[in-house]
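What follows is a single structure, written as structure tokens, with notes after it.
The values are calculated or read from the model by the stated rules, or taken from the named source; none is laboratory data. Model, not experiment: these values are computed from the prediction. Cβ atoms come from the backbone with ideal geometry, glycine included; neighbour counts cover every protein chain shown.
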Amino acid sequence: MLAERGTAEQVPETLQGLIAARLDGLSVDEKTVLQRAAVVGRVFWLGAVEAMDGGSHRELEERLHALERKEFVRRERRSSVEGDTEYAFLHILVRDVAYSQIPRAERSEKHLRAARWIETLGRVEDAAEMLAHHYLQALDFARASGRDTAAIADAARRAFAEAGDRAFALHASDAAARYYAAALELWPADDPERSRLLVQHAYAMFEDAASGADVIERARAELVAAGDTTAAAEVAAVLSWAAWTRGERDRAVTSLRQAVAELEDAPLSRPKAVVLFQLARLSAMAGEADALPAARRAVAAARELGLRDLEARSLNTLGVGRFHAGEPDAIADVERSLELALEIASPLDISRAYGNLASLTYSLGELERSSTYHEGAAEAALRWGQAIAARWFWVEQGEYDYQAGRWTDALRRVDEFLAEVESGAPHYMESAARGMRSLLRLARGDIDGALDEQRRAVELGRTLGDPQALQPSLALSGFVCWQAGDAEAALGRFEELVGLWREEPMGAFFNPSELAFTAVGLERVDAFLAVAADTRPTRWLEAACAFARGEYARAAELFRAIGSRPNEAYALLAAEGDAEVQRALDFYRRVAAVHYVRQGEARLAATA
């Protein structure tokens, strides 16, 4: 109902004129009934029209029957309001033109009467959005006409809060954010309920890439000023989460530290459990030593409080942390997180669990299994309107497309994503997208473009600071620099990443294939194999080490088993025998990888 408002000005003038002429041909009483019905919406009820002083019940029935015969409205066989008769306009444009003919000075009172009729029905929560719409319209038109709105402010703000809660429960974040904002505009500063609304508004604003973080920050500042440290800490945790997904790591860490400090001595509560979870999550992404203890504390807190959504969330983080620490059966925690999320129907946790299962199995080199999980993640994000997560999975799908040889699709995805980023919608995945575009531009012969992209990818990876962002960007950058003929830059990238790897084994964080390719090109195979020997084995690592040892045909077989067509082709290009090189060329020609086609043709010419 929220969208059903006067829009006759958007209708072509000729059509609007025709409809208006038909309405003018009605009797005054019939036209009045139609206009009052239009206030309710495209669907309306006899009782609602009667509540707007539209005449007696019998008279209204007669007038609506006449309008039905004239094909303006229809009577529905069943009514969604028990004991009342339901009607609908035969066309939304008729409703809009009828509404537009009501003098603006009268609209506020009519919407107010419609709202009060809804309140008489009982179970207002079932009509929360419709009630909020009428109060919002009543306020807007009252303000526009200079009337005092104090008399309706209290009922209006409560309707907005109820509609916000209803929309939030249905995972309609955009609608919830609008309603909470309207409620807060009217809510007294000293009312205790305001804190809850500020927290809910913060959660609802999370998906807003343009202004979400700023709105959440203002909510936190207000709660701090009001002395509500518990609510302020929870909002700070939400802000941390929102900032991290937008690639604003410093802001995320600062906000989280504030949350931790504010609740350090507080008793266990949902806000404190939220903060513990977020601390564990950022620690796990940063590869910090305290990630596992933090995740275990978060799981314990969620279970003690009976918070199943936070338990699912924390189990997910615990599984990721255990996986990166090399603990056996770590994926089982993430699988349990998914089971719990599905059981409680928590869309955010469903998409996140699927997404992490996809990432973990991808890092093991199980692309087919990973792709299935990824489909589940992307479907959940799109179904429930999770804009930030959907963009994340959009970029990741480009990686699957790249590995499968669907390079046109991969490039389209990263181009569209980066266009959004450059238009003012920042995202954590920018580094990954630029790394992928760097590889694609290199293959397509755009060497300068590839170098520009890899430099930006590394800059972003350093800014983010997380191993999952920095390590792949360094690996891809070194390879691109080597292929572009800049051995010095390639060596710098290689040595930096190998140095990080020596400090702490981190094979779980990235696919080492391009690092192995660079090691061979730079004649640094021993350094690569030395650090690889201390790393938990994965299918990617096995194939990369085979390539580093000069076992190119075997590496190609292993990459093919993984499902990586580009890496298979690169290994074949290095293998002995014209047949292997020709197989590589077949792939490279199909994907228009002119850079590698030149290399393959040169090899064939040398052996002719």
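Looking at the structure I just gave you, is Ala532 assigned to a helix (DSSP H, G or I), touching a residue at least 12 places away in the same chain (Cβ under 8 Å), out of contact with any His (no Cβ under 6 Å at 6 or more places or on another chain) and surrounded by fewer than 18 Cβ atoms within 10 Å (Cβ to Cβ)?
On the way: assigned to a helix (DSSP H, G or I): yes; touching a residue at least 12 places away in the same chain (Cβ under 8 Å): yes; out of contact with any His (no Cβ under 6 Å at 6 or more places or on another chain): yes; surrounded by fewer than 18 Cβ atoms within 10 Å (Cβ to Cβ): no.
It is false that Ala532 is assigned to a helix (DSSP H, G or I), touching a residue at least 12 places away in the same chain (Cβ under 8 Å), out of contact with any His (no Cβ under 6 Å at 6 or more places or on another chain) and surrounded by fewer than 18 Cβ atoms within 10 Å (Cβ to Cβ).
Can you tell me which of Leu340, Leu348 is of a type in the set (A, V, I, L, M), in a helix (DSSP H, G or I), farther than 16 Å from Gly398 by Cβ and modelled with pLDDT under 95? Spell out the reasoning first.
On the way: Leu340 fails: modelled with pLDDT under 95.
Of the residues listed, the single one that is of a type in the set (A, V, I, L, M), in a helix (DSSP H, G or I), farther than 16 Å from Gly398 by Cβ and modelled with pLDDT under 95 is Leu348.
Kindly check whether there is at least one residue in the range 319-340 that is out of contact with any Pro (no Cβ under 7 Å at 6 or more places or on another chain), surrounded by fewer than 18 Cβ atoms within 10 Å (Cβ to Cβ) and under 25 Å from Ala213 (Cα atoms).
There is no residue in the range 319-340 that is out of contact with any Pro (no Cβ under 7 Å at 6 or more places or on another chain), surrounded by fewer than 18 Cβ atoms within 10 Å (Cβ to Cβ) and under 25 Å from Ala213 (Cα atoms).
Would a scan of the range 554-574 turn up a residue that is touching a His at 6+ places or on another chain (Cβ under 9 Å) and aliphatic (A, V, I, L, M)?
Within the range 554-574, the first condition is being touching a His at 6+ places or on another chain (Cβ under 9 Å), and the residues that meet it are none.
No, every residue in the range 554-574 fails to be touching a His at 6+ places or on another chain (Cβ under 9 Å) and aliphatic (A, V, I, L, M).
Against the definition (free of Cβ contacts under 8 Å to residues at least 24 places away in the same chain, crowded, with 21+ Cβ neighbours inside 10 Å and either closer than 22 Å to Ala475 by Cα or hydrophobic (A, V, I, L, M, F, W, C) (or both)), how does Arg437 come out, yes or no?
Details: free of Cβ contacts under 8 Å to residues at least 24 places away in the same chain: no; crowded, with 21+ Cβ neighbours inside 10 Å: yes; either closer than 22 Å to Ala475 by Cα or hydrophobic (A, V, I, L, M, F, W, C) (or both): yes.
Taking the combined requirement at face value, the residue does not satisfy it.
With Val28, Val11 as the choices, which residue is over 18 Å from His133 (Cα atoms), hydrophobic (A, V, I, L, M, F, W, C) and at pLDDT below 80?
Numbers: Val28 fails: at pLDDT below 80.
So the residue among Val28, Val11 that is over 18 Å from His133 (Cα atoms), hydrophobic (A, V, I, L, M, F, W, C) and at pLDDT below 80 is Val11.
Which members of the range 270-329 meet the condition of being modelled with pLDDT of 90 or more and not in a helix (DSSP H, G or I)?
Those that are modelled with pLDDT of 90 or more and not in a helix (DSSP H, G or I): Gly306, Leu307, Asp329.
Check every one of the helices (runs of 4 or more DSSP H) wholly within the range 541-608 and list those with 3 or more residues that are at pLDDT below 95. Lay out the reasoning, then the answer.
Numbers: elements: 552-562, 565-574, 578-590, 594-607.
Those helices (runs of 4 or more DSSP H) span 594-607.
Would you check if there is a residue in the range 128-145 being of a type outside the set (A, V, I, L, M), outside any helix (DSSP H, G or I), more than 34 Å from the chain's Cα centre (by Cα) and closer than 17 Å to Trp45 by Cα? If you could, list the steps in order and put the result at the bottom.
Taking the range 128-145 first, the residues of a type outside the set (A, V, I, L, M) are 129, 133-135, 137, 140-141, 143, 145.
Then drop every residue that is not outside any helix (DSSP H, G or I), which leaves 145.
Subsequent filtering for residues that are more than 34 Å from the chain's Cα centre (by Cα) retains 145.
Among the residues that remain, those that are also closer than 17 Å to Trp45 by Cα are: none.
So far as the range 128-145 goes, no, none of its residues is of a type outside the set (A, V, I, L, M), outside any helix (DSSP H, G or I), more than 34 Å from the chain's Cα centre (by Cα) and closer than 17 Å to Trp45 by Cα.
Filter the range 453-493 down to residues that are surrounded by fewer than 23 Cβ atoms within 10 Å (Cβ to Cβ), among the charged types (D, E, K, R) and touching a residue at least 12 places away in the same chain (Cβ under 8 Å) and give me whichever is farthest from Val395 (Cα to Cα).
Residue satisfying both the conditions and the ranking: Asp486.
Need the failing condition index for Met52 against (1) at pLDDT 90 or above; (2) buried (at least 20 other Cβ atoms within 10 Å of the Cβ); (3) out of contact with any strand residue (DSSP E or B) (no Cβ under 6 Å at 6 or more places or on another chain), just the number.
(1)
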